[in-house]
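First comes the structure, then the notes that go with it.
What follows is calculated from the coordinates using simple rules that are stated; it is not laboratory data. Only a predicted model underlies this, so the values are computations on that prediction, with no experimental measurement involved. In this analysis, Cβ positions are derived from the backbone assuming ideal geometry, glycine residues included, and neighbour counts consider all displayed protein chains.
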Amino acid sequence: MNNQDLEMMKSPLDWPRYPVLPVVSRDGARCGILITDGQPFVHVGNMFELETGAIGELVKDWPTVIYPSFEELVESWRVD
């Protein structure tokens, strides 16, 4: 686990592309965007393929992985 990744994930106001944070799976096989609304979750997909609009509407068809905590999320994902 990388403490820098964990701290960045837990600090949404510091995200360069707030309200989303680009992430990559630890094995490098998947990319996605982290969104937090109390509980962290990752929408699996490429954020650079999104058009302009409300992020929730744009990713509604993407697979979503919900994590009970940031500590568990950072075991599988790193900040991109």
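Whole-percent P(r), the chain, all Cα pairs, 10 Å bins from 0: 19, 58, 22, 1. For the peptides 61-70, 23-32, the ranking by packing is 23-32, 61-70, with the highest mean count of neighbouring Cβ atoms within 10 Å listed first. Taking the Cα centre of segment 3-79 as origin and assigning +1 to Lys and Arg Cβ atoms and -1 to Asp and Glu Cβ atoms, the resulting dipole is close to 80 debye.
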